[in-house]
Structures are given as C-alpha cells and as structure tokens.
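Shown next, in structure tokens, is the structure this report addresses.
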Amino acid sequence: MAVSEEPTYTSTSSESMGGSEILRVEDLHTSFFLPIGELQAVRGVSFSLKRGRSLGIVGESGSGKSVLARSIMCLNLGSNVKTSGSAFFDGRDLLSLSRREMRRLWGTEIAMIFQDPMTSLNPMVKIGRQVIEHLRQHKNVNRREAKQTALDLLNEVRIPEAESRIDRLPHELSGGMRQRVSIASALACEPSLLFADEPTTALDVTVQHQILNLLSREQRQRNMTMVMVTHDLGVIAGRTDDTLVMYAGKVVEQASTDEIFEKTQHPYTEALMRSIPRTTHASHTPLAAITGRPPVATHLPAGCAFSPRCPYVQPKCHEEDPPLVSIGTSGHKSACWYPVGSDANREAFERNLSDRLPQTLAVAESLDADQSSGIPAGLPDGGIA
Amino acid sequence: MSKMLAIRLMRLVVTVIVVSFVTFVGTNVLPGDPVNALIPIDAQQDREFVEQIREEWGLNDPMVVRYGRWLGDAVQGDLGRSLVTGQPVTDEITHRLPITFELMAVAVGFSLLIAVPLGAFTGYREGRRSDRLISGLAQAGLSLPVFVTGLILIYVFALRLHWFPAVGWNRLSDGLGPNLKSVALPALSLAITEIAVYTRVLRSDMIATLKENYILSARAKGLTDRFILFRHGLRPSLLTLVTVVGLNIGFLIGGSLVIEYLFAIPGLGKRLFSAIQQRDFMMVQAITVLITVFYVIVNTATDLVYMVVDPRIRRTN
Ligand SMILES: Nc1ncnc2c1ncn2[C@@H]1O[C@H](COP(=O)(O)OP(=O)(O)OP(=O)(O)O)[C@@H](O)[C@H]1O
Ligand code: SF4
Ligand SMILES: [Mg+2]
C-alpha cells in the first residue's frame, strides 16, 4: 500500500477528463473554541472538484459536513471560530478574500441550499420577493424584469401555478414547494458552484426523490458543479459522480460514487451502507444502526477516530491514526489500517468475533439476517430511483 | 377584520361601564362628603344650606340612580359639572386632553425613532464595543425615575443653557415653534426610559432573529448586511416591541401625570391630581373613564399593528 503525496483527487470517469478544476480544498481545518475546549469540526480535509461534476459528502450527524461547506463558503461560523488551509475557487483562495469580495461571490458564483425549507425562507416575506431580491441584488434589472425572471425560475423548478403562488407566504406552501422556492432562488444568478446541505432531510420520501431529481436535472442542464451534503448514502447513490465520506471531521474514504459502492474500502463507509433504508425490508425493520455514537469532537479518541465503534479494530488502530492513501490507480482513497476486503481485515474480524467484541457481534448478526433474506450485504437495493 | 373591530367595540362598551361604575362606587364610599367640595368651610355648619345643595346636585338619590343619571348624560357627551369650579367637565377635558395627548405622542414617537435603529444596531453588533456602550447607557436610563430625568433636563437645558422653557405650555395655536419648545423637555423626560426599554427589547429579539436560518440563507444570497438587517431581521423582531409599546403607553399615563406636575403643564394628569386632592369626584370619574377608553383603544391599535407587522396574521384573519 503506497502512501500518495498528491493532495488532490482526480476522478477517472471519462467525461470528467476534459473538465477544468473549479474547486480545490487543501488541508482545511475549522475549530470552534468552546469553554470545554477546542472543538475540531473539520480536521485537514483536501479534495478537488472539476467543473460540471457533482460530489456527495456523506457522514453521520456531527461529522463536520455542514461546517466544511460553510468554511469553504466563508459563511457565518461565528466569532469563536478559526479556519486554516485554503479553498481555491477558480484559482482564488476564498479563505483569503475580504468579506466584501466574498459577498460578491455569494449567490452569484457560489450558492447554497439549506436543510430545512421550513426555516430557510423568511416566514414574513412573500416567496416571490425572496427570489426577486436575490436577482436585484446582483443584476441590473428593474422590478418587472426581476419578477418575470422569478416567475420563469419558479416554473422551471416545477411550482404549479407559479403565477398565483408568487405572492404567497412560505407557510402557505408545502415543505417540498418551499424547497423548490429555495432552489429557484439559489439558481437565480446562475451560480457555477452549488452547495446543497441536506436539501431533502426534512422532507418525506416521495418529495425527497422529486427534489433530488430536480437538483440533478438542473445540475446537468446548467453544467453546474454541485456539492451534495447528506447523511444518507442512499441519497447520492446513482446521483453524484464522486463521493467523499467524512467521519469526525476527516475524510475517511473518497472515490467515484460507483467505486464507493462496489469496492468499499473503509469500515465506516461499509457501516453507512448497512444503514441505508431498504425498500425490500418490512417497513418497520429497524435499520442496522452503527453501534455506538460518533465521538465528541472536543475529546477525540487516540489513533483512528472510528476505533471505538469499528468491528475490525486492532491494537494498532488505537495507536496510530491511519493516513488517507490511494488504493490502486483509480483515485480511490481510504484511511484505514485494515481496509474492507483485505485479508488483514478478515483476520481482524475473526479475531474480534472470538473476543466477542460487541460491535463485531452486531455486524455478524446483521450479516446472518441479510443472508437469510437473500440480500447481499453492503448493497442498497432501494434508494436509487 | 371588521368583525374583530366590532368585538373590540363591544368590549370597550362593557369595560367602560364596569370601570365607571367601580369608580363611581369607589369615590362614593370613600370617606369625605363630596358636598364639602361645593361649599365654603364656614357654610358647612349650616345644615339647611347643605341639605339644599345636596338636593340641588342630586346627592341624596340612591347611588344606582345617580350612576344611571351620570351614564345617561355621559353617553350624550355631558360628563357633569366640576364640583370645584362648577364648569362643565367636558369643556375642561376637551381643553386639556390635546395637551396630554401631544405630550405622550411626542414621547412615544421620539422614543421609537431613536430606539428602533438603536435596538437593531446593537442586536447586530452583539457583544462588540458599540453594543456594550449603548446597552450600558440604556441600563442607566432604565434605572432613572422619570422625575429625576425631568429635573436633570430642566437644570441643564432650561436653567443652564436656556434652550427651552423650564415650565409652562404653549399651545399649538401659539405657533409650532413655541409649542415644540414647550413639549421638548417633558417629552424627552418621558422618552428616556422608553428609549431604554424599547432598545433592550428590540436588541434581544434582533439577536434571536439574526440566528435564524433564513438570515443565513439571505447572507448566502450575497445580500448586503443593511438589507438583511432591515428587510429580513427587523420585521420578525418587532412583535415583542409592539406588545411592550402597547403596555408602556398605559404606564406612560402615570409618567405623564408626574411630568405634567413637574413642568406645570395644564394637561389632564395635572388636573387629575388636583381633582383627587379636592375630592372633585365628577372630574375624577370623567378622567378615569377617559383613561380606560384610551387603554382599550391602545390595545386594539396594538392588535392592528401586529397585523401590519406580521403578514401571516393578516392572511389568517
Ligand atoms: N457554531 C458552532 N459552534 C460550536 N460548535 C459547532 C458550531 N457549528 C457546528 N459545531 C460543531 O461542529 C461539529 C460538526 O458540525 P456539523 O454541523 O458540520 O455537522 P454535520 O455533519 O453537518 O451534521 P448534521 O447532519 O447534524 O448537519 C459538531 O460537533 C457541532 O456540534
Ligand atoms: S480498522 Fe482500525 S483503522 Fe480501520 S477504521 Fe477500523 S479502527 Fe480505524
Ligand atoms: Mg449539517
């Protein structure tokens, strides 16, 4: 296993080869300084993204996905925060821009869609206005032109009877409709990079699919670069080109989304896959939740951050934090001493099983259950719609 | 909306009847015979004369009858005659009411004019030096009683700088300039506490609002801070302020009483003072009812302002 020095991640998918790099994040760290100590929310994240591609960032709640996205956007993290590293957007380091310069990029070059459409629109402002104000901030258009453009956008994101809805207040629309409004607003100034921070988490499943399809369609049609943040691998399966798996503020695995599913390397990614909801299971079967909780970000364990929950954990994992290294030549990277599928991994599993390690036993059990119901472990069978 | 106003109107009528009756009873069971206000002290021993006056003013009828008579007249705009001056109460009130009203309106208007930008700004700059300075001043303003503020203002701006008159009142008919000069110090004395209260209320709501997700998404749209503050931040932060202003206008009546006394302003408050001292029950009764009506009107106005501020309420009504 060779340790690679190159900090960037290049995908192998053929259609990406011609694309130029739009975003390159290098060794990004973000910490909050709290009374109980330093909370390292993002710990040295690097990746690069080519124009027109889509990237999924996956991880459990608290893994630092939102903080990562906001750090790149330099968006409002508070006064007790320190960010280091760099984030080159079109060659300019966003982290070194003044607030004024940054504001000129916000909403025009880089846009963001937030998790909860119930709270991300101002409840006291008509939805049309919230799109129009965005247009008028950045474009030299009069009221009427702006309204027409807003109408076109609302139609584009498939809001039925946009003409009559434009003067509605957010609470008069359903959650899905509101998220469509947010999307319309985000698209208003044709951004080249769009962050979507869990855009569907607050919505129910059918609406989720519609919104995700809408986003994918817009992304492709506009040749926009998109970063999709989610805690659900099922959301990005079949939708994003590349995937980055985060745990406790670090990237633990990154590859093209197909590779992530087909050649899973990291035990945490594997665990996330086991927790994707499956349509073939009886609807109330509990998900195979990952044993234990993510670590408290102020008190990270020594060595590998996943070690307290990992079914393959070995003494070495407690001592040394595994670096993110390339696997093969495809740009696939993973940070684990005992990657999934390796002989070392199988031996570790057997050893832990005979030591009756709780998380190992839990995995063995769920494997048995899957075998008896005929579903291969680690592959989602719902999700991709 | 018109339904709401109709309900309000009914409530107003009921409230006025209840309050006026309670005041009526209250003033009548208090020790002290109202007839004494009518008659010079040396004549009070003359039983026959006293009885004659009682009869003349209808003081011998049962309380309910007297109340009924008063109410009947009041509905027609006749609030009786002052027991002290013998003049129609209505005349005196129409003469004095505009003064008190102007004083309060200027005080409230001025304090909002100052407090809204100040509250929004300090909320936006929470914890910064400018916020700490202004909030500290507001805290100080809050702890000053109205009459102390009044005395300080009189000392500095009237006695020392001679910018404004120390006492007295010029009516609007005497010209806008002199009128504004005489309202300035008393209104400012009232306003200082109000400014302090309103600034603090708006500041804390503003801080909460600025943590909302829609503020973050407005930022992500690249809107300017000022636009975000006043277009997205202010409106949702106004609801508590509206409530507090509504309540405070009620308290302000008490404050203007003190201020009218201090500045020798011929308003209603000053008259209520002397009426109570002189046991001029007709006057007390009339002013009390007036304050009640005012209270209910302010309450209704507050609800209307909610609708203006919050379009969601407008839609559901
Ligand atoms: N403003 C803040 N002040 C202090 N700590 C913060 C702040 N924002 C986030 N954190 C902490 O940073 C860590 C990462 O948070 P982040 O919001 O990025 O998680 P996430 O991966 O987006 O999870 P979720 O799925 O819950 O959105 C968490 O431990 C969180 O408590
Ligand atoms: S095997 Fe060790 S290094 Fe790999 S994820 Fe588990 S604990 Fe971490
Ligand atoms: Mg998040």
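So the values come out like this:
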{"quantity": "Conditions (1) within 30 Å of residue B:169 (Cβ to Cβ); (2) free of Cβ contacts under 8 Å to residues at least 60 places away in the same chain; (3) polar (S, T, N, Q); number of the one not met by residue B:217", "calculated": "(1)"}
{"quantity": "Residue within the stretch A:79-88 that is modelled with pLDDT under 95 and assigned to a helix (DSSP H, G or I) present", "calculated": "no"}
{"quantity": "Residue B:7 part of a helix (DSSP H, G or I), among the hydrophobic types (A, V, I, L, M, F, W, C) and within 26 Å of the chain's Cα centre (by Cα)", "calculated": "yes"}
{"quantity": "Subset of the stretch A:200-231 (residues that are among the acidic types (Asp, Glu) and in a helix (DSSP H, G or I))", "calculated": "A:218"}
{"quantity": "Candidate set: the stretch A:164-190, residues that are assigned to a helix (DSSP H, G or I) and aliphatic (A, V, I, L, M); chosen: the one nearest to the other protein chains (Cβ to nearest Cβ)", "calculated": "A:186"}
{"quantity": "Verdict on residue B:217 being away from chain A (no Cβ under 14 Å), part of a helix (DSSP H, G or I) and of a type outside the set (A, V, I, L, M)", "calculated": "no"}
{"quantity": "Scan of the stretch B:54-78 for residues that are surrounded by 12 or more Cβ atoms within 10 Å (Cβ to Cβ) and over 21 Å from residue B:29 (Cβ atoms), ordered by number", "calculated": "B:73, B:78"}
{"quantity": "Test for residue A:39: is it away from ligand 3 (no atom under 16 Å from the Cβ) and touching a Ser or Thr at 6+ places or on another chain (Cβ under 7 Å)", "calculated": "no"}
{"quantity": "Only listed residue being crowded, with 17+ Cβ neighbours inside 10 Å, among the β-branched types (Val, Ile, Thr) and free of Cβ contacts under 8 Å to residues at least 40 places away in the same chain, chosen from B:276, B:265, B:228", "calculated": "B:228"}
{"quantity": "Residue match in the stretch A:90-112 (condition: within 14 Å of chain B (Cβ to nearest Cβ) and within 16 Å of ligand 3 (Cβ to nearest atom))", "calculated": "yes"}
{"quantity": "Members of the stretch B:99-140 that are touching a Lys or Arg at 6+ places or on another chain (Cβ under 9 Å) and among the acidic types (Asp, Glu)", "calculated": "B:126, B:131"}
{"quantity": "Sole residue being of a type in the set (Ser, Thr, Tyr), farther than 17 Å from residue B:268 by Cβ and surrounded by fewer than 13 Cβ atoms within 10 Å (Cβ to Cβ), chosen from B:111, B:2", "calculated": "B:2"}
{"quantity": "Qualifying residues in the stretch A:330-361 (those that are in contact (Cβ under 8 Å) with a residue 40 or more places away in the chain and surrounded by fewer than 17 Cβ atoms within 10 Å (Cβ to Cβ)) - the one farthest from the chain's Cα centre (by Cα)", "calculated": "A:358"}
{"quantity": "Matching option when the condition is more than 14 Å from chain A (Cβ to nearest Cβ) and either aliphatic (A, V, I, L, M) or part of a helix (DSSP H, G or I) (or both), among B:242, B:284", "calculated": "B:284"}
{"quantity": "Condition broken by residue A:118, with the remaining ones in (1) crowded, with 18+ Cβ neighbours inside 10 Å; (2) within 16 Å of ligand 1 (Cβ to nearest atom); (3) assigned to a loop (DSSP other than H, G, I, E, B) satisfied", "calculated": "(1)"}
{"quantity": "Failed item in (1) in contact (Cβ under 8 Å) with a residue 40 or more places away in the chain; (2) under 30 Å from the mean Cα position of the chain (by Cα); (3) within 14 Å of chain A (Cβ to nearest Cβ), with residue B:138 passing the rest", "calculated": "(3)"}
{"quantity": "Flag for residue A:164 being small (Gly, Ala, Ser), away from ligand 2 (no atom under 16 Å from the Cβ), within 14 Å of residue A:110 (Cα to Cα) and not assigned by TED's automatic domain parsing to the domain that holds residue A:51", "calculated": "no"}
{"quantity": "Tally of residues being modelled with pLDDT under 70 and either touching a Leu at 6+ places or on another chain (Cβ under 8 Å) or of a type in the set (Ser, Thr, Tyr) (or both) across the stretch A:270-311", "calculated": "5"}
{"quantity": "Test set (1) in a helix (DSSP H, G or I); (2) within 28 Å of residue A:52 (Cβ to Cβ); (3) more than 26 Å from the chain's Cα centre (by Cα) - residue A:128 fails condition number", "calculated": "(2)"}
{"quantity": "Identity of the residue in the stretch A:70-91, among the aliphatic types (A, V, I, L, M) and surrounded by fewer than 20 Cβ atoms within 10 Å (Cβ to Cβ), that ends up farthest from ligand 1 (Cβ to nearest atom)", "calculated": "A:75"}
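The rows are residues; the columns are (1) of a type in the set (Val, Ile, Thr); (2) in contact (Cβ under 8 Å) with a residue 12 or more places away in the chain; (3) on the phi > 0 side of the Ramachandran plot.
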| position | (1), (2), (3) |
| --- | --- |
| A:191 | no, yes, no |
| A:199 | no, yes, no |
| A:217 | no, no, no |
| A:227 | yes, yes, no |
| A:234 | no, yes, no |
| A:248 | no, yes, yes |
| A:252 | yes, yes, no |
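The values are calculated or read from the model by the stated rules, or taken from the named source; none is laboratory data. Keep in mind the model is a prediction, meaning the values are calculated, not measured. For neighbour counting, all protein chains shown are included, and Cβ atoms are generated from backbone atoms with ideal geometry for every residue, glycine included.
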